[in-house]
1. If one computes the Cα centroid of segment 234-289 and of segment 29-105, what distance in Å separates the two points?
2. Given an 8 Å cut-off on Cα distances and at least 6 residues of separation, report the relative contact order of the chain as a percent.
3. Classify segment 1-160 from the C-alpha gyration tensor, please: rounded if a/c falls under 1.5, else prolate or oblate depending on whether a/b exceeds b/c.
4. Relative contact order of segment 198-318: what whole-number percent is it, with Cα pairs under 8 angstrom and at least 6 residues apart?
5. Going by alpha carbons, how many degrees (0 to 90, nearest 10) lie between the helix axis of 313-323 and the longest principal axis of the chain?
6. Please report how far the C-alpha centroid of segment 180-232 lies from that of segment 329-387, rounded to the nearest whole angstrom.
7. Of all DSSP beta bridges in the chain, what percent run antiparallel (nearest 5)?
8. Can you pull the one-decimal nm distance between simple spin-label points at residue 415 and residue 175, each 7 Å off the Cα toward Cβ?
């Protein structure tokens, strides 16, 4: 597909209790879109994606039902069974209703009445427009024990402070200035400042789904041994080729999907803490018990955006939690919507940064825990397979339009990542942290 022939994809949502016709109606007035990526919900609960092109639009609900992926159909049927709705012919076409409130709704109401206190933290630097959009989504959260904190990281203007001052809604917003640049330093500052039971991070290029806070809080309330919870990050728009390519590459959740997962020392044989593919979670949708933060000390100031390492601080923190015996939960009902880079040069820089950050993450592990070097050597063949083979976890799903320079950019980053981390670490020492 040549770029001049590109047509955007509509990103939308549909509540299936209203019937499958609500999805078919999406294409009736969107001539400029190639098709739709639809997040489907069952009584409010997100259960998966349906993707269909408008130029091959199903003739009716029965045809659309056949387009629903098998895993999504299974989740839908499971939720309907739990609600006591008969499905002798598969997913009902005309919608459905229940006698009492569905289990998902009942659970959310319980969490709202007795869940833990949560502080949503936005670490930002000179992105006032994205920050305003993110703040608005947080002010729309229906969770009574939520507060908001904005950490302004080495700003060059006062626009962030003005955005915080203008934020209006039911949840209090606090402003914290962290003068030293670097995402890890901003995260560490937020940890020192919060007084809630849970600290949850979201980036300024995201918005929170309306049930984000309550779903994070519920995941902690349901399992007292959980130290960290990571939600799912979905595309907020697919308007450009670069945004589609990022999703082909895997977005932020490749291999995870909409099935909850729990990671702990007991699961190390299935997925080793030093092998974050599929990812355990992503820092843009990540929450921790403040009481458990000490298990990993602090975010490594030589990792993360704003340093030569360009990333890896979230992966290192989750890995350290797991190595310390902690439990991490992947909770796909805690949804954020991420606005990907819109042009190819920006995406190329991003994937280069991912490569640098990955190699820097491993360099940081070896420098701090040399005894783990042998385990990394044993994991190397798996990493090579997943990152280099066409059917590997990272490369599967790429089509013929995916630019080869993007993969080359990430590999260039991986080559220099260890050196960049070493230099970043020296800079931190010179700066006193």
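1. About 23 Å separates the Cα centre of segment 234-289 from the one of segment 29-105.
2. Values: 841 pairs, mean separation 64.8, N = 433.
For the chain, the relative contact order is 15 percent.
3. Oblate, since a/c reaches 1.5 and b/c is not below a/b.
4. On the way: 117 pairs, mean separation 40.8, N = 121.
Across segment 198-318, relative contact order equals 34 percent.
5. The helix 313-323 is inclined about 90 degrees to the chain.
6. So the two Cα centres are separated by 20 Å.
7. Values: 23 of 55 bridges.
Roughly 40 percent of the DSSP beta bridges within the chain come out antiparallel.
8. Simple spin-label model gives 4.5 nm for this pair.
FYI, it's all coordinate maths here, none of it is from the lab. It should be emphasised that the depicted structure is a prediction, and the values quoted were computed from it without experimental measurement. Neighbour counts run over all protein chains shown; Cβ positions are idealised from the backbone, glycine included.
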